[in-house]
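**Student:** Below are the structure tokens for one structure; questions will follow.
Only the coordinates and a few stated rules stand behind these numbers; no lab work does. Note that the structure is predicted; figures quoted are calculated from it, not measured. In this analysis, Cβ positions are derived from the backbone assuming ideal geometry, glycine residues included, and neighbour counts consider all displayed protein chains.
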Amino acid sequence: MADFSDLVAATSASEDPTTSGADLALITQAHPRLWPQVASHPNAHRDLLVWLGANGDAATKQTAAERLATTPLPVDTPPPPAAAVAEAPEPPPPVRRGSPGWAVLGFFIPILGLILWLVWKSARPGDSKMALNGFYAFIVLIVLATAGFLVSVFTAA
């Protein structure tokens with residue numbers, strides 16, 4: 001069986017009277033726009049024509065109905081495709097959460113955490129966010145320590 005993912009090759013095969021019923025089923029799966037040509041092909045088997053008559057557009061349904069009513073059909077070919085459905089899109093790559101080590105580094109060396117976030121935010125988003133979280137934790141600790149110090153200074157007086 002040939003590869004019919006190319007529309008030109010599939011069109012050529014759908015016009016060739018020697019194309020097998022199995023190849024016509026592959027063409028049907030790959031190219032819905034060729035369904036009328038497949039329905040009128042002399043080697044289109046009965047099951048494929050029934051399927052095209054149920055799932056095709058008006059022209060395909062009419063051609064399939066005429067072929068089913070008037071033409072003896074080959075029966076030794078495989079059944080039609082289950083459905084002419086486009087391939088499922090590729091799943092997105094897994095999200096990398098980042099190493100907690102970058103958060104520790106960003107906490108103890110905050111300027112480095114900020115620099116790593118700026119450099120990595122598009123190339124390594126998980127690691128850059130962890131470095132930024134370490135920087136934020138350092139800032140929060142400094143603010144809380146300063147507030148505690150100021151409270152203790154003003155309440156002691």
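**Student:** Which one of Val151, Gly56, Ser14 is farthest out on the positive end of the charge dipole of the chain, using unit charges on Cβ (Lys, Arg +1; Asp, Glu -1) and the Cα centre as origin?
**Tutor:** Towards the positive end, the residue furthest out is Val151.
**Student:** Another question, if that's okay. Calculate how steeply helix 110-120 sits against the longest principal axis of the alpha-carbon atoms of the chain, using the helix alpha-carbon long axis, and give the answer as 0 to 90 degrees to the nearest 10.
**Tutor:** Once rounded, one gets 20 degrees.
**Student:** Further, regarding this structure: With labels modelled as points extended 7 Å from the Cα through the Cβ direction, what inter-label distance (nm, one decimal) is found for Asp3 paired with Lys121?
**Tutor:** Distance between the two pseudo-spin positions: 4.2 nm.
**Student:** If you add up the charges near Ser14, with Lys and Arg at +1 and Asp and Glu at -1, over every other residue whose beta carbon is less than 11 angstrom from its beta carbon, what do you get?
**Tutor:** -2
**Student:** Sticking with this structure for a sec: Across bins of 10 angstrom width beginning at 0, how are the C-alpha pair distances of the stretch 100-156 distributed, in whole percent?
**Tutor:** Going out from 0 Å in 10 Å bins, the stretch 100-156 shows 29, 37, 18, 12, 3, 0 percent.
**Student:** In addition: Per residue of the stretch 51-62, what does 6.51 cos²θ - 1.76 cosθ + 1.60 with θ = phi - 60° give for ³J(HN,Hα)? Whole Hz please, x for Gly and Pro, Karplus curve as stated.
**Tutor:** 5, 5, x, 8, 10, x, 6, 4, 5, 5, 4, 5
**Student:** Ranked highest first by the average count of other Cβ atoms within 10 Å around their residues, in what order do 140-153, 28-41 fall?
**Tutor:** Going from most to least packed, we get 28-41, 140-153.
**Student:** Round to the nearest 10 and give me the degree value, 0 to 90, for the angle of helix 125-156's Cα axis relative to the longest principal axis of the chain.
**Tutor:** Tilt relative to the chain: about 30 degrees.
**Student:** Arranged from highest to lowest average of other beta-carbon atoms within 10 Å per residue, in what order do the peptides 51-61, 17-27 appear?
**Tutor:** Averaged packing, sorted descending, gives the order 17-27, 51-61.
**Student:** Rounded to the nearest 0.05, what FRET efficiency is calculated for Asp57 and Thr11 with R0 set to 22 Å and r the Cβ-Cβ distance?
**Tutor:** 0.80
**Student:** Moving on. Calculate how steeply helix 21-30 sits against the longest principal axis of the alpha-carbon atoms of the chain, using the helix alpha-carbon long axis, and give the answer as 0 to 90 degrees to the nearest 10.
**Tutor:** 40 degrees
**Student:** Tell me which label goes with the value of Cα Rg over 2.2 N^0.38 Å computed from the coordinates here: [x] 2.21; [y] 1.37; [z] 1.29.
**Tutor:** [x]
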